[in-house]
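Structure, as structure tokens:
The values are calculated or read from the model by the stated rules, or taken from the named source; none is laboratory data. Small disclaimer: the values here were computed from a predicted structure and weren't measured. Here the Cβ positions follow ideal geometry from the backbone for every residue, glycine too, while neighbour counts run over all protein chains shown. The protein model used for the area step is the full one, side chains on, heavy atoms only, and it has no ligands, DNA or RNA in it. Shrake-Rupley method; radii C 1.70, N 1.55, O 1.52, S 1.80 Å.
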Amino acid sequence: MSPTALDYLLWGALPYVVIAVLVGGTIWRYRYDRFGWTTRSSQLYESRLLRIASPVFHFGLLVVIIGHVVGLLIPEGWTDAVGITNDMYHVTALSLGAIAGVTTLGGITLLIWRRRTTGPVFSATTVNDKVMYAVLVAAILAGLATTLLSAVAGLTGGHEADYRETVSPWFRSVFVLQPDVAAMSAASGAFKLHTLVGLALFALFPFTRLVHAFSAPVWYLFRPYVVYRSRDREPTPVSRPIRRGWS
Ligand code: HEM
């Protein structure tokens with residue numbers, strides 16, 4: 001079936017509107033709200049549950065992100081070429097994806113439950129936060145629905161849910177400025193819904209607390225070592241008496 005006008009709008013134009021809002025919005029936020037560029041941490045109000053829920057959510061999400069990079073950016077031909085069969089690929093992707101997705105969902109459920117039931121944390125929750133949580137949870141749920149449908153299609157011998165022939169080529173084509181609208185319009189409804197919710201989240205990103213993801217202290221991994229020296233091994237100055245560090 002050839003793409004409709006709506007397909008051209010959603011898969012040909014919308015991604016570029018979202019990229020413009022994401023990039024432009026992030027630059028705007030950085031220039032005009034640098035002091036508001038924060039997670040607005042609520043750790044001071046409650047830390048017991050946060051200490052469990054936050055890592056569960058973030059580690060789950062990290063695996064989900066790695067899965068998206070592999071699934072969306074690596075063409076099917078490349079995995080075929082190194083001997084990974086389609087079945088091998090999908091069994092691994094679906095099982096790892098399901099574990100990561102459920103972990104992320106468990107983490108965000110705990111985080112939202114904590115936010116709702118801890119008085120001061122709930123008081124510090126804005127309408128902006130609530131909208132962001134709703135879209136984030138919708139993206140995760142819709143993502144898990146695609147995983148579930150792919151698993152069912154795999155078990156019943158169906159092929160129509162293979163996102164590596166529809167969503168992934170479209171996703172890559174957006175970045176070379178030749179959006180493959182026909183590929184995406186052939187995807188199943190669940191993939192389309194999930195992608196639209198994902199795009200909505202990207203458009204909201206710069207205007208929410210999610211901006212903290214752009215300032216994760218990654219530089220910490222590459223900074224030079226702090227050199228510690230034992231005082232004992234330092235050459236003893238001849239002319240100056242040894243003084244305590246703080247004197
Ligand atoms: C344009 C953006 C996006 C596209 C094209 C996309 C595409 C996909 C595809 C093709 C799958 C199925 C993977 C499989 O079945 O093996 C999937 C699953 C999933 N997605 Fe997305 N996604 C996008 C954005 C997001 C966002 C923003 C989130 C949430 C933060 C998200 C969360 C999930 C989750 C939780 C799953 C299920 C677990 C998994 O397979 O990793 N996705 N997505």
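Residues that are open to solvent by less than 60 Å² (accessible area, probe 1.4 Å), more than 14 Å from the ligand (Cβ to nearest atom) and part of a loop (DSSP other than H, G, I, E, B) within the stretch 170-228 comprise just one, A216.
Say we look at the stretch 1-36 and pick out the residues that are open to solvent by 50 Å² or more (accessible area, probe 1.4 Å) and outside any helix (DSSP H, G or I); which of these is modelled with the lowest pLDDT? Here the answer is M1. Filter the stretch 45-71 down to residues that are under 14 Å from the mean Cα position of the chain (by Cα) and open to solvent by 80 Å² or more (accessible area, probe 1.4 Å) and give me whichever is nearest to the ligand (Cβ to nearest atom). Only one residue fits best here, namely H68.
Can you confirm whether the stretch 74-82 contains a residue that is touching a residue at least 24 places away in the same chain (Cβ under 8 Å), surrounded by 19 or more Cβ atoms within 10 Å (Cβ to Cβ) and either farther than 22 Å from E46 by Cβ or among the hydroxyl-bearing types (S, T, Y) (or both)? No. Among the conditions (1) crowded, with 17+ Cβ neighbours inside 10 Å; (2) at pLDDT 95 or above, the only one that A93 does not satisfy is (2).
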